[in-house]
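The values are calculated or read from the model by the stated rules, or taken from the named source; none is laboratory data. Keep in mind that this is a model prediction, so the values were computed, not measured. Neighbour counts are summed over all protein chains in view; Cβ atoms, including those assigned to glycine, are modelled from backbone coordinates with ideal geometry.
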Amino acid sequence: MKEKFVTNRNVKLWEKLSEKFTIEIKVISVKEYMIFIKNNHAIIYYNPINICEASFTHELLHLNLDYHDFYLCSAIKRNMASDPLFLTMFNTSMTEHLCNFIEHKMMFSDYKKLGYVADLFVMDYFEKKINQKDVDSLIKNYKINNKINVRVAHLFVGKLGSLFGDVNTKNDYNELYSIFKNLDSDLYSAVANLFVESLKHDYEKADYIYNYRDIAANFHKRLINWKNNNQFT
Ligand SMILES: [Zn+2]
């Protein structure tokens, strides 16, 4: 199966990852490729109707972050676990959603360096990552009697993460960012800086002094400040 997906473009990456992981390649009946990683075993699922080396390499690049012990998602989950408010807002699927987008931003330049076409990086490359209905709902429901609606704050973070995680630079979200900032500039900055710090982070050279745990801890600190400065409903 490997022959279909590994060519001289990605063979070096494949070989590097194969030193640490056994990589299984399996068919899946859904459209999108995906990867499942447990310890030193990875399974990449592919769509047999769409054999796509670029999509396969996208999954390899997720694995490359594990190769370099970049476990931001687990660290954020651990930090959120002790607080009921954060557990609601940053439940498992939200944390995975956010970190998936952060990883995409981190991976995208490597993906392009390997010579793949940008629009094959994700299936929804050309789509806008938010619709007007969500924007209207955020504006209308974010605060009730000056208290933040936790359920809507959850939507706020999810949507903002999708915008920050969009690798298609032709999608211009500046006006939308102003709306988010007007609604809650502290929560906006908490999420924005999570992306900024992750993208600045040289994960290939991370050590015990500064690594993904610090990025997660900084995010947690900003959220605690935000929580202490607001009331919720
Ligand atoms: Zn991905």
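Can you tell me which residue among Ala190, Ala217 is buried (at least 18 other Cβ atoms within 10 Å of the Cβ) and not in a loop (DSSP other than H, G, I, E, B)?
Ala190
Is at least one residue of the stretch 71-89 within 13 Å of the ligand (Cβ to nearest atom) and in a helix (DSSP H, G or I)?
yes
Residues to consider are Ile130, Ile139, Ile144; find the one that is under 26 Å from Lys227 (Cα atoms) and touching a residue at least 60 places away in the same chain (Cβ under 8 Å).
Only one candidate passes the filter, namely Ile144.
Specify the residue that is modelled with the lowest pLDDT; the eligible residues are those in the stretch 11-69 that are of a type in the set (D, E, K, R) and within 16 Å of the ligand (Cβ to nearest atom).
Lys31
Here is a list: Glu103, Glu127, Glu96. Which entry is outside the structural domain of His62 (by TED's automatic domain parsing), in a loop (DSSP other than H, G, I, E, B) and not aromatic (Phe, Trp, Tyr)?
Glu127
Answer yes or no as to whether Tyr125 is in contact with an Asp or Glu (Cβ under 7 Å, 6 or more places away or on another chain) and of a type in the set (Ser, Thr, Tyr).
yes
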